[in-house]
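See below for the structure under consideration.
The values are calculated or read from the model by the stated rules, or taken from the named source; none is laboratory data. On a predicted model such as this, the values are computed, not experimentally measured, just so you know. Cβ sites come from the backbone with ideal geometry, for glycine too, and all protein chains shown count toward neighbours. Protein only, heavy atoms only, side chains kept; ligands, DNA and RNA dropped before computing areas. Shrake-Rupley method; radii C 1.70, N 1.55, O 1.52, S 1.80 Å.
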Amino acid sequence: MDLRTRTSLFCGALALAIAVSILLRGRLRRAQILFAAFAADVGLWYLAQWLYLFVRADVWARFTAVLAVLLPQFGLHLFEAIVPSQKRPALLRVAGALLILMLILVLSPQQGEGWARGAVFLYVFGLLTAGLWSLLRRGNQSASRAVQRRVRFLVLIGALAAVFTLADFLWFIGAPLPPVGAVLSIVFLFVLSESMIRRRLVDLYDTLGQLLVSTALAFCLAGIFYVCVVLIGAFDTMYLAAILALIVILVLFEPLREKVDSYIHKAFFRERVDLERAVGKARTELVHTLQIEAMQQVVLSALEASHRVTGAALYLRDPVGDVFELGAAFGPTAPPRLDRASARPLVDRLEKWTSVVLEEVAAEASELREAGRASEAEADERVLAAAEVLGPFKKGVCLAVRSESRDVVGVMVIVDDRMQDAFSPDEVALLEALALQIGVVVENSRQYRRMQERDRLAALGQMAAGMAHEIKNPLGAIKGAAQLLSEPDTQSRLQASDREFLSIIVEEVDRLDRVVGAVLHYARPNPGEIGPVDVNAVIKRTLLLLASDHAAQGNFETDLEEGLPLARADAELLRQILINLVRNAVESAPSDSTVDISSRRRARADGGAWVEIAVRDRGPGIAPHVVKDLFVPFFTTKPKGTGLGLAISRRIVEDMAGLIEVSSQEGQGATFTVLLPVAEDPLLAPRFEAPRADPAASAGSGASAPSASEAEPAVPAGEPLTRPL
Ligand code: ADP
């Protein structure tokens, strides 16, 4: 068997394997079926040719001719399926008419004549060339740059395959050329099959890159081998020359591969190289960045300088307001904030996948609809509807910025509005790595701020302790004296106005004492005793306590999840938080409305779980400008408020490794949500509230229940003045 016969066998087998592989992979669309038919035709054509060369039976020559006649028919329909045209193209009609003529010709006795072969040859190459040309035209008219590029690339490989296959025919006239055309048509088939499998067309560039690198490398190494073995070594020293060649190859392989790789990438994938460089530079700079503003500057200027994207926006989650606030952006005008509630389907998907390429989601949604998988399509459509809030960025790539606990703390959106399908998976992976590092900076900067806050609080704590000592003792004396004067026998000697002044003194001393106690607590909080806590029991008990508190009289409705896991918390401190939240809710809600207290298990992005407690009122809600200051110490909108209740609650929750969230709609009330980590070992018995879980059993003991604030310096006279704020 000569080289040509063997190549036919080899290429035939490969083409059939490619056809089968496409049939085995995934759902079959029209284009894939046509491709399989096209590849099978090529494969059978080579095999028939091989059989003909091998056994020289005329039937195989005829069979080869029939397959050759069918080839442009499959090819034209396939090209049409890759980029469909508006109306049925004339080329298909012409091809249909020619098919009948050609079939008659190849089945007639004249089939073996030179002119008949020439006609078949012209028909095959003419139609395939026209098909490729019209594919190129349609591709160039496409709005998607990725489609344009893919088509150009396919046409280039197709044209090369055609030229070399033509060159193969020179063999008939005695030119000593190796059968390169056959090999190239297999390469063409392979590239085409890749384009069938990958919906993201730009992936082809990666395939092409690998193909080019390997081919260029093979040529370089073959060159070295040729120089060493043929030019330097004569036949008698062949063995030595081969060893020399291999040593040179081994030494040069790595540097050569790197060089070839970098040249080819620079020549063919300029934009990606630029993006890679920009992202790499930004990531190096981010290693030394601690401030959020500096991080935003580094990231956005790197992306802008890369010229690879036309717009980027970075949103960071406001831990308080449950919104993603725009940090920095360039390009089209980005919306100033993303409301977590309305963007939820998008954020949920980001929690799972890290990046969401919105154009891909749209394509997938319509494919799923076509395939009748409505519920999956609806999930995609919900993501797309949520992405509408992104305005000009709604067709971009969304990337999750995650905290250490894998929660989504930010969203980066990137667009390139010059084209569709703008980013290849490789580029998205690069951007994902950047988003990952942004998450690290966000986390570090928050930790740094916490450390600074801790230092500040340590100083404040020292001051507060001194102040508490200086103020609380005289306060106690003032209150004691005022109470002495209020005793019945003294009181009878006082005028009515004096009695009123006395009660004002006692009331204001109480208030001052509370403020001092709260400052002390805020600055040096009771660290509490963290352990497994039955949250439902704490809620029930707190409501019982509040029943005897005239300042927090309200209609409470509870919705407590049964079988709630134990939380990792301190029961006393948790009760203090609840009292603060419920009091605020009662104070802001109309007296006839209810305050809802609920508990449930909430899944976390990292697979773990929170125990969630929500306190919801039907008051006026919280104005957006108030929301951002809610947890700032001494911020209050109440005439007699201290503005420390929420600040303290947040400190306590964070010390217990939890979170506190607020959501509010003006006019419809506010919901404060406390998230506590689930106790690590759920088998441990709750040490705090569980044994007293039955509210009836604990009735009456509520008022005397120890409170965290009792640990503070107490005012000596009268009832304890401190209470949760
Ligand atoms: P204080 O209650 O002493 O003002 P807080 O820290 O408990 O201190 O609350 C700070 C501010 O937050 C309040 O003054 C009020 O404006 C606002 N706030 C807290 N809870 C609610 C709520 N449920 N509804 C409306 N506003 C609230």
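Taking segment 608-626 as the search range and keeping residues that are touching a residue at least 12 places away in the same chain (Cβ under 8 Å) and open to solvent by 60 Å² or more (accessible area, probe 1.4 Å), which one is nearest to the ligand (Cβ to nearest atom)?
Start the filter on segment 608-626 by keeping residues that are touching a residue at least 12 places away in the same chain (Cβ under 8 Å), which leaves 608-624.
Pick out the ones that are also open to solvent by 60 Å² or more (accessible area, probe 1.4 Å) and you get 616, 618, 620, 624.
Details: R616: 9, R618: 10, P620: 7, P624: 12 Å.
Going through the qualifying residues, I end up with P620.
Could you please find all residues in segment 56-66 being of a type in the set (K, R) and assigned to a helix (DSSP H, G or I)?
Of everything in segment 56-66, just one residue is of a type in the set (K, R) and assigned to a helix (DSSP H, G or I), namely R62.
From the list A459, A422, A400, exactly one residue is crowded, with 17+ Cβ neighbours inside 10 Å, over 24 Å from R149 (Cβ atoms) and either modelled with pLDDT of 90 or more or not charged (D, E, K, R) (or both). Which is it?
A400
Regarding segment 432-447, can at least one residue be identified that is farther than 21 Å from H288 by Cβ and open to solvent by 20 Å² or more (accessible area, probe 1.4 Å)?
Yes, segment 432-447 has at least one match.
Look through L460, L434, L475 and report the one residue that is in contact (Cβ under 8 Å) with a residue 60 or more places away in the chain and within 30 Å of L275 (Cβ to Cβ).
Of the residues listed, the single one that is in contact (Cβ under 8 Å) with a residue 60 or more places away in the chain and within 30 Å of L275 (Cβ to Cβ) is L434.
I'm trying to understand the selection: among the residues of segment 377-390, which are of a type in the set (D, E, K, R) and either more than 17 Å from V357 (Cβ to Cβ) or open to solvent by less than 10 Å² (accessible area, probe 1.4 Å) (or both)? Before the answer, list the steps.
Taking segment 377-390 as the starting set, the residues that turn out to be of a type in the set (D, E, K, R) are 378, 380-382, 388.
Residues satisfying the conditions are E378, D380.
I'd like to know if segment 552-572 contains one or more residues that are within 12 Å of the ligand (Cβ to nearest atom), open to solvent by less than 70 Å² (accessible area, probe 1.4 Å), outside any strand (DSSP E or B) and modelled with pLDDT under 85. Quick ask: steps written out before the conclusion?
Filtering segment 552-572 for residues within 12 Å of the ligand (Cβ to nearest atom) gives 552, 554.
Checking the rest, the ones that are also open to solvent by less than 70 Å² (accessible area, probe 1.4 Å) come to 552, 554.
Among the residues that remain, those that are also outside any strand (DSSP E or B) are: 552, 554.
Subset that is modelled with pLDDT under 85: 552, 554.
Yes, that holds for at least one residue.
Given the criteria at pLDDT below 75, in a helix (DSSP H, G or I) and farther than 30 Å from L132 by Cβ, does A242 qualify?
Here the answer is yes, as A242 does meet what is asked.
Being over 20 Å from S664 (Cα atoms), buried (at least 22 other Cβ atoms within 10 Å of the Cβ) and more than 11 Å from the ligand (Cβ to nearest atom), is that true of even one residue in segment 577-598?
So far as segment 577-598 goes, no, none of its residues is over 20 Å from S664 (Cα atoms), buried (at least 22 other Cβ atoms within 10 Å of the Cβ) and more than 11 Å from the ligand (Cβ to nearest atom).
Starting from residues that are open to solvent by 60 Å² or more (accessible area, probe 1.4 Å) and touching a residue at least 60 places away in the same chain (Cβ under 8 Å), keep the ones in segment 463-472 and report whichever is nearest to the chain's Cα centre (by Cα).
Here the answer is M463.
Can you go through L644, L725, L721 and tell me which one is buried (at least 21 other Cβ atoms within 10 Å of the Cβ), modelled with pLDDT of 75 or more and at negative phi?
Just a single option satisfies the conditions, and that option is L644.
Do you know which residues across segment 67-88 are outside any helix (DSSP H, G or I) and either open to solvent by 30 Å² or more (accessible area, probe 1.4 Å) or aromatic (F, W, Y) (or both)?
P84, S85, Q86, K87, R88
Would a scan of segment 132-151 turn up a residue that is hydrophobic (A, V, I, L, M, F, W, C), within 21 Å of A48 (Cβ to Cβ) and either part of a helix (DSSP H, G or I) or at pLDDT below 75 (or both)?
No - not one qualifying residue is present in segment 132-151.
Given (1) surrounded by fewer than 13 Cβ atoms within 10 Å (Cβ to Cβ); (2) within 32 Å of the chain's Cα centre (by Cα); (3) at pLDDT below 75, where does H288 come up short, assuming only one miss?
Looking at each condition in turn, H288 falls short on (3).
Among the residues of segment 486-515, which ones are more than 29 Å from A647 (Cα to Cα) and open to solvent by 80 Å² or more (accessible area, probe 1.4 Å)?
Of everything in segment 486-515, those that are more than 29 Å from A647 (Cα to Cα) and open to solvent by 80 Å² or more (accessible area, probe 1.4 Å) turn out to be E487, P488, D489, S492, R493, Q495, R499, E500, F501.
Which of the residues spanning segment 627-649 are in a helix (DSSP H, G or I) and either near the ligand (Cβ under 6 Å from one of its atoms) or small (G, A, S) (or both)?
Of everything in segment 627-649, those that are in a helix (DSSP H, G or I) and either near the ligand (Cβ under 6 Å from one of its atoms) or small (G, A, S) (or both) turn out to be G645, L646, A647, S649.
Could you tell me whether segment 293-309 includes any residue that is open to solvent by 20 Å² or more (accessible area, probe 1.4 Å) and in contact (Cβ under 8 Å) with a residue 40 or more places away in the chain?
The answer is no; no qualifying residue exists.
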